[in-house]
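J.: Can you keep this structure in mind? I'll have questions shortly.
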């Protein structure tokens, strides 16, 4: 159930940033909320709910981008599996570390999207120089991830049921 809540929160974030990006769009740069949610879940959830969340968020992003079915879903699931596999070897933590990991995964995600589109289409191109560079969008997503880290941790603790082990002595 917690994964469904994160997917809904991701959908709201994707919708808000897409709306803001259509009204105010400097060179096509919009922070990627789907990546932020997938990185957060990848560091905290088991693989099956993580991949289901990545599939749902990829479907939402792909529908808003009018992309071929399965393109964003595949790329986001690859990112989810990658972050899950690497999360056991991370020795850092905190908002800045989360922002850096989110930025790095954003570059990987958009590179994977470009590679998949290149396999499907004869020509593939980016919408602007800033999106082609990948770094400005990754920095923007990393800053968003760092800013949202503590609120996301707070929400995750609210969704997590209290666990009690052992005997209670009152």
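The values are calculated or read from the model by the stated rules, or taken from the named source; none is laboratory data. Owing to the predicted nature of the structure, the values given are computational and were not obtained by experimental measurement. Ideal geometry is used to build each Cβ from the backbone, glycine not excepted, and the neighbour counts take in all protein chains shown.
J.: If you go through segment 86-105 one residue at a time, do you hit one that is in a loop (DSSP other than H, G, I, E, B), within 22 Å of residue 17 (Cβ to Cβ), modelled with pLDDT under 80 and out of contact with any strand residue (DSSP E or B) (no Cβ under 6 Å at 6 or more places or on another chain)?
T.: no
J.: Could you figure out which of (1) buried (at least 17 other Cβ atoms within 10 Å of the Cβ); (2) free of Cβ contacts under 8 Å to residues at least 60 places away in the same chain; (3) in a helix (DSSP H, G or I) isn't true of residue 35?
T.: If we test residue 35 against (1) buried (at least 17 other Cβ atoms within 10 Å of the Cβ); (2) free of Cβ contacts under 8 Å to residues at least 60 places away in the same chain; (3) in a helix (DSSP H, G or I), just (2) comes out false.
J.: Would you mind telling me which numbered condition in (1) under 21 Å from residue 154 (Cα atoms); (2) buried (at least 19 other Cβ atoms within 10 Å of the Cβ) residue 9 fails?
T.: (2)
J.: Pull out all pairs, ordered by first then second residue, where Cβ-Cβ is under 9 Å, the residues are six or more apart or on different chains, the first lies in segment 82-94 and is on the phi < 0 side of the Ramachandran plot and in contact (Cβ under 8 Å) with a residue 24 or more places away in the chain, and the second is in a loop (DSSP other than H, G, I, E, B) and surrounded by 14 or more Cβ atoms within 10 Å (Cβ to Cβ).
T.: Pairs that qualify, where the first residue is on the phi < 0 side of the Ramachandran plot and in contact (Cβ under 8 Å) with a residue 24 or more places away in the chain and the partner is in a loop (DSSP other than H, G, I, E, B) and surrounded by 14 or more Cβ atoms within 10 Å (Cβ to Cβ), are 83/43; 84/43; 84/45; 87/43; 87/44; 90/43.
J.: So which residues in segment 45-85 are over 19 Å from residue 7 (Cα atoms) and at pLDDT below 90?
T.: If the condition is that a residue be over 19 Å from residue 7 (Cα atoms) and at pLDDT below 90, then 66, 67, 68 are the ones that fit.
J.: Another question, then. With the requirement that a residue be farther than 16 Å from residue 62 by Cβ and touching a residue at least 24 places away in the same chain (Cβ under 8 Å), what does segment 14-32 give you?
T.: 26, 27, 28, 29, 31
J.: Same structure, new question: Would you please name the residue that is farthest from the chain's Cα centre (by Cα), looking only at residues in segment 15-32 that are modelled with pLDDT under 85 and in a helix (DSSP H, G or I)?
T.: Taking the candidates together, the pick is 23.
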